[in-house]
Each structure stands twice: as structure tokens, then as C-alpha cells.
Amino acid sequence: MKLSLELDKINQKYKNILNECELYVLSYPGNLPAFNLSPWGLEIKKENIISCIDSKHATFFDLLQTLDSLSFGQVGMPMDKWVFFDCGEMVGGIVGLGKMAADLPEEVLKIYKIDRNYKGLVPFSMYIAIPMASGDSWFGHNLCSANSFIGNYYPLSGLALLTKALGLKVLNIGKMFGATQWESSAIHIHSQLADMEVHSSYTPAHSFEKTMAYRSVYTDLGLLSALSGKERVAVAYDFLVDALDNDFYKKMQMEIENGAQYKIVGRPIIKDGKKFLAIKRGE
Ligand SMILES: CC(C)(COP(=O)(O)OP(=O)(O)OC[C@H]1O[C@@H](n2cnc3c(N)ncnc32)[C@H](O)[C@@H]1OP(=O)(O)O)[C@@H](O)C(=O)NCCC(=O)NCCS
């Protein structure tokens, strides 16, 4: 595949994914003019620009739900289809990577419970984001990848990181809020792309109170550098928090409510088998 000058510089593992998979975007057609449908010069095939109000994609909609429940299932946040539609596709967009059913081995078709008559795209990853009412920010609502359950057939290391970077680029997102759990492995991905300002560290409004609400600012340079293969190592931080410590996040929340500012400034640090997050106090 011929890549643009920008994408030619990304790490080989992401190039391999681009060679193996096809990019898709799913949304309400009226939203498309707001999107970038050739991210860094990458072509999205016409048939992979999918309308959420087109019934001929019914199987693809089901497969997205399968991807969500197989990847998120054990974490406990699988989504109903109406959540995809009402809180994702109509109001924002879904961007991901996948492969055509005809090219997949029998084992993978079985995992997704795909009928042999289906010839369309099978999603391997998705990033869902929706615009916030303030007009200048988005909310990253879902990120998942099939690596954990099809990795034996397709070693697509880096799939989720590449998916989020492409999702941000396609949906034209500069500022994004997100909600994630302190112990989530996805923090490796979010913090590789940008610093994460912690807006709440303890969030009883969420189903999981040990959720942080964070905000990140993304630039083209930052996204491409995240894909360079070089880790965004945390250097200038004030302290480390143990991601599994059950006390700090409530204390941090009290401080945030009293005006303190904190941000995660780089990838998690693993020390003696424990995961720590590098935190810098705001000015
Ligand atoms: C978390 C999830 C998205 C990761 O998907 P993935 O495709 O395996 O992740 P990637 O291969 O893109 O990983 C990107 C980086 O994060 C690191 N990473 C991913 N999962 C990790 C884990 N469990 N432990 C440590 N590091 C991890 C990878 O090593 C990789 O590091 P590198 O950039 O140095 O190579 C996937 O497991 C998933 O869908 N989980 C369930 C849903 C979920 O929790 N989503 C997050 C919502 S906030």
C-alpha cells in the first residue's frame, strides 16, 4: 500500500495493520461533511462509509455489538444496540478497522458467529466519539479492539492505538474528554497520544466510581509521534500514584473540588510489577 509522507514515518507494526485491514466510518450521512474522509491521505472505500440509517448494513451493526461484548464483556460495560445508535452513530461517529468476511478463517467467523452468507466487513476495532454541547470538545465514548480474542489468527499489536489516532483524525477532534478506570490498560493508549488532565478522579455519577474523567488536547504532530513506535515516557512529574491504590482517588477528588489541577503526563510506569501513573500538579 502506498502511504502518504506522514504515514510513511509511522512504526512498521501500524503499517502492517493498515496493510491487513480496511478503515471504515459509520455515522448519520448528514454528519459526513464535518469529517475528514481521507485521514493522512488514507482512502476510505466508498462501501466502508456506512450509514446508520441504511438497513442493508444490519449484519455489520450486529457485528459491532459482538465486537463490543467480546472485548468489553469481562469488564462489564457491554452496550445495547440502541446505545450505539442514539449515543454514537446518529450524534457522532464510529471509526475502526476490519476485514472482509470472505478473507477470514473459519475460526474467526465462528468467534463472531458470522453466517456464511455474509460477505461484508467484519469490524476488528472501533472508536466512538460524540460532540459535546459546548461545541469545542468531543467525548470519547468507546474504544475497543479484537486483539484479545483474535490475536492468535491476526497478530495486530497496536490496533487500538492506531484506531483511536485514526478516529481522532477522521472525526476532526482537537479536544476530547473521556472516562476511564484508573486500573484500565487503555491508559497506556490514551497517555501515548497526549497528556490527560484529570477533571474528576472519583466519579460516583458513573457506573464505576473509580472512574476518572479526563481531557486531552490532540495535535497532528502528537498523533503521528504516538504512532512512531517511541514511548511517550513520563519525565517531568511531581508524584506517582499506584493505579490499584483504593484511597488516593477520593482524596484527589476533594483536592480537585477545591481547585487543584492534576494531569497524567506520559505512559504508566511499571515498577516491581506494579503500575504507577505519573502525575503533575497544575500551575
Ligand atoms: C484495552 C484495549 C482497547 C487494548 O487494545 P489492543 O489493541 O490490545 O491495544 P494496543 O495493541 O493498541 O496497545 C497499545 C499499547 O498499549 C499497551 N497495552 C495494551 N493493553 C495492555 C495491557 N493489558 N497491559 C499493558 N500494556 C497494554 C500495548 O502494549 C501497546 O504498547 P506500545 O505502544 O508500547 O506497543 C482492548 O484490550 C479492549 O478492547 N479492552 C476492553 C475494552 C476497554 O477496556 N476499552 C478501554 C475503554 S477506556
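The values are calculated or read from the model by the stated rules, or taken from the named source; none is laboratory data. Nothing here was measured: the structure is a model prediction, and the numbers come from that model. All Cβ positions, glycine included, derive from the backbone under ideal geometry; neighbour counts span all protein chains shown.
A few remarks follow.
- Yes/no for GLY96 being more than 17 Å from the chain's Cα centre (by Cα) and over 19 Å from THR180 (Cα atoms): no
- For segment 150-158, the count of residues that are in contact (Cβ under 8 Å) with a residue 24 or more places away in the chain, in contact with a strand residue (DSSP E or B) (Cβ under 8 Å, 6 or more places away or on another chain) and within 27 Å of PHE276 (Cα to Cα) is nonzero.
- Among the residues of segment 76-111, none is identified as among the β-branched types (Val, Ile, Thr) and in contact with a Cys (Cβ under 6 Å, 6 or more places away or on another chain).
- If the condition is being assigned to a loop (DSSP other than H, G, I, E, B) and within 10 Å of the ligand (Cβ to nearest atom), then segment 116-154 contributes PHE124, ALA146, GLY151.
- Boolean, LEU240 is part of a helix (DSSP H, G or I) and either near the ligand (Cβ under 10 Å from one of its atoms) or at pLDDT 95 or above (or both): no
- Residue check for LEU193: touching a helix residue (DSSP H, G or I) at 6+ places or on another chain (Cβ under 7 Å), of a type outside the set (Phe, Trp, Tyr) and in the same structural domain as SER134 (by TED's automatic domain parsing): no
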